Amino acid sequence: MSSENQRAELQSQIWKIANDVRGSIDGWDFKQYVLGTLFYRFISENFSNYIEGGDDSIDYAGLDDSVITQDIKDDAIKTKGYFIYPTQLFINVAEKANTNDSLNTDLKTIFDAIESSANGYPSEQDIKGLFADFDTTSNRLGNTVKDKNKHLAAVIKGVDSLDFGNFEDNQIDLFGDAYEFLISNYAANAGKSGGEFFTPQSVSKLIAQLAIHKQESINKIYDPAAGSGSLLLQAKKQFDDHIIQEGFYGQEINHTTYNLARMNMFLHNVNYDKFNIVLGDTLIDPKFKDDNQFDAIVSNPPYSINWIGSDDPTLINDERFAPAGVLAPKSKADFAFILHTLNYLSPRGRAAIVCFPGIFYRGGAEQKIREYLIKNNYVETIISLAPNLFFGTSIAVNILVLSKHKTDNKTQFIDATGDGFFKKATNNNVLETEHIEKIMKMFDDKQDVEYISKSVDNDVIATENYSLSVSTYVEAKDTREVVDIKVLNDEIKTTVSKINGLRAEIDKIVSEIEGV
């Protein structure tokens, strides 16, 4: 099945589930139940496949729980990170969902059991709280147990009907696509609930390619504002698994999104020992201080959020911010994330960061930080993308590429906002493969192309008050119609002559009337 067909089928099925529970569950809450159920189905199928080991004679779902020995359970948890008994599998719960009068409490018991199965094992922190946002006893599902069970059954049966084979073999990012679709259909709630953290898959693909460009292998990849993990997983999808040797790291401040990121790792068969996603405020409480040399960093940090900044006098001495000699403004934390990222970047690494354009031309502290970045030759490329690529904003965002191993003292600017760099779509514009390839070729070549790309000496950037706006250095193509002055003057003369002739005729008519 093609990616477009898979995407259309997925969206159709999800919308059918939504219609079944419409009016009973708030749209944003509904998103959590669909994604949680999708995850529950995946880990159930994945766990069954592991136990069966490709032996068609074994049907794990049909076994009695009593046949499971402690040794089997121990080995499974050490490998998969969790354990699911046959009766707890999604397929068995879905089969009886419509007739199970205790469905909501049974689900809570199952989810608690799956999470607690990892207690005392290395995977405990990776499993703990995964189902926290799938509250099966919440009044959001209905005021009575009967209503709760009815709505839970509708979601479970709907997800049960999805037919995509193995999750990891799909042409699309099934989890990411489901998430993006649900966000776009509940736009009113996106702002209050964190819709800003989802990076469209096409942009994620470009960012991943920029960060790992020409690196045959990297030690590990990191996202300091991990969101749902889509950027990290695009790196996995774009490159052979072995290229990322030590795995995927990320920090996320939003608890719900932190859970989604961990779910997403499991959904893409990234085992618990190959990812380390942590909860916390990256700027105030960074979790990887002792493990902070990453060969690749990808990030779409929140735009211009407030942070404590200068209200905490100790931050100016923080090793992440001290070298710049100034903190990012309290009302605009963008450069705080950038300096954090730079500090975590290894000497051979690259970082690709989605940025709000304003940070590249404003004065004050932001100008001083840009000066620090340019004087130390950390900025490799600034790419201006087409408008309306991100859900919830039409702004033409930029991608900042940082590097600590540049071989020249120039900074590249690419204007990828024009025709040929994106596909216009009904809701949001899209970067297709051909557009990404075009941008990557320019990034790799570092050749000047009129109206599109230019590499600028850092000394020149200094004369422009360290502006890093692409428009400062890449001249926009003049699309106005070229006017031939000689032809225009001839036309004016002809027009004036005609007007004079008409006036003469009008004067003659008026004179004849007055003479009567």
Cα→Cβ-extended label distance, 7 Å offset, between Lys16 and Asp459, nm
6.8 nm
Which stretch or stretches of the range 267-283 have amide N atoms under 11 Å from the point lying 7 Å from Tyr50's Cα along the Cα→Cβ direction?
269-273
Can you run phi through the Karplus equation (6.51, -1.76, 1.60; θ = phi - 60°) for the range 144-158 and list ³J(HN,Hα) in whole Hz, with x for Gly and Pro?
10, 4, 4, 5, 4, 5, 4, 6, 5, 4, 5, 5, 5, 5, x
Rounded Å value of the spacing that divides the Cα centres of the range 434-454 and the range 52-112
52 Å
So how far, in whole Å, is the C-alpha centre of the range 488-503 from the one of the range 303-377?
62 Å
Shape call, the range 30-137: gyration tensor on alpha carbons, a/c limit 1.5:
oblate
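With a 1.4 Å probe and every protein chain kept in, tell me what percent of the accessible surface of the chain is carbon plus sulfur.
On the way: 11400 of 23970 Å².
The nonpolar share, carbon plus sulfur, comes to 48 percent.
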For the chain, with the dipole built from +1 on Lys and Arg beta-carbon atoms and -1 on Asp and Glu ones, taken about the Cα centre, which of Asn139, Gly62, Asn398 lies farthest toward the positive end?
Asn398
Report the relative contact order of the chain, percent, no decimals, based on alpha-carbon pairs under 8 angstrom and at least 6 residues apart.
11 percent
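Net charge near Lys78, counting Lys/Arg +1 and Asp/Glu -1 over other residues with Cβ under 15 Å of its Cβ?
With Lys, Arg at +1 and Asp, Glu at -1, the neighbours total -3.
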Per the helix-only calculation at 222 nm, which mean residue ellipticity applies to the chain, given -39500 (n - 2.57) for every DSSP H run of n ≥ 4 and division by its residues, nearest 500 deg cm²/dmol?
-13500 deg cm²/dmol
Potential lengthening between Leu488 and Ala425 on full extension [0.36 nm per residue; Cα-Cα distance subtracted]
18.8 nm
For His268, what residues show an amide H to amide H distance below 5 Å, using hydrogens built from the backbone and excluding near sequence neighbours?
none
Taking each pair of distinct Cα atoms in the chain once, what is the resulting Kirkwood hydrodynamic radius in Å?
25.8 Å
Rounded to the nearest 5, what % of DSSP beta bridges with both residues in the chain are antiparallel?
45 percent
Here the range 268-359 gives, from Cα atoms, an Rg and Dmax in Å of 13.9, 43
Sorted on mean Cβ neighbours within 10 Å (highest first), peptides 436-447, 502-513, 49-60, 394-405 come out as 394-405, 436-447, 49-60, 502-513
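Taking R0 as 41 Å, what FRET efficiency do you get between Asn409 and Val496 from their Cβ-Cβ distance, rounded to the nearest 0.05?
0.10
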The range 72-81 - phi-based ³J(HN,Hα) in whole Hz, Karplus 6.51/-1.76/1.60, Gly and Pro as x:
4, 5, 4, 4, 5, 5, 5, 8, 8, x
Between Val456 and residues 5 or more places away or on another chain, the pairs with built amide H atoms under 5 Å apart involve Thr411, Gln412, Phe413
What is the distance, in nm, between label points placed 7 Å from the Cα along the Cα-to-Cβ direction at Ala504 and at Asp285?
9.1 nm
Nothing charged except the Cβ atoms of Lys and Arg (+1) and of Asp and Glu (-1): what's the magnitude of the dipole of the range 340-476 about its Cα centre? Round to the nearest 20 debye.
520 debye
Sorting check: for 272-282, 135-145, which peptide has the highest mean count of neighbouring beta carbons within 10 Å, and how do the rest follow?
272-282, 135-145
About the Cα centre, and with charges only on the beta carbon of Lys, Arg (+1) and Asp, Glu (-1), how big is the dipole of the chain? Nearest 20 debye, please.
1120 debye
Taking amide H positions as placed in the peptide plane 1.01 Å from N, state which residues far from Val278 in sequence (5 or more) or on other chains have amide H under 5 Å from it.
Gly250, Gln251, Glu252
Over 18 Å between alpha carbons, listed pairs Lys80/Lys274; Lys410/Lys446; Lys108/Lys274; Lys236/Lys423; Lys214/Lys236; Lys236/Lys287:
Lys108/Lys274; Lys236/Lys423; Lys236/Lys287
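Among residues other than Asp160 whose Cβ falls under 9 Å from its Cβ, what is the net charge (Lys/Arg +1, Asp/Glu -1)?
Values: positive: Arg41, Lys157; negative: Glu95.
Overall, the nearby charge balance is +1.
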For the range 308-316, take each phi angle, set θ = phi - 60°, evaluate the Karplus expression 6.51 cos²θ - 1.76 cosθ + 1.60, and give the result in whole Hz per residue in order, putting x for glycine and proline.
5, x, 5, 5, 10, x, 6, 5, 5
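The values are calculated or read from the model by the stated rules, or taken from the named source; none is laboratory data. Note that the coordinates shown come from a computational prediction; the quantities given were computed from them, not determined experimentally. Backbone-built Cβ (ideal geometry, glycine too); neighbour counts: all protein chains shown. Heavy atoms of the whole protein, side chains included, go into the accessibility calculation; ligands, DNA and RNA do not. Shrake-Rupley method; radii C 1.70, N 1.55, O 1.52, S 1.80 Å.
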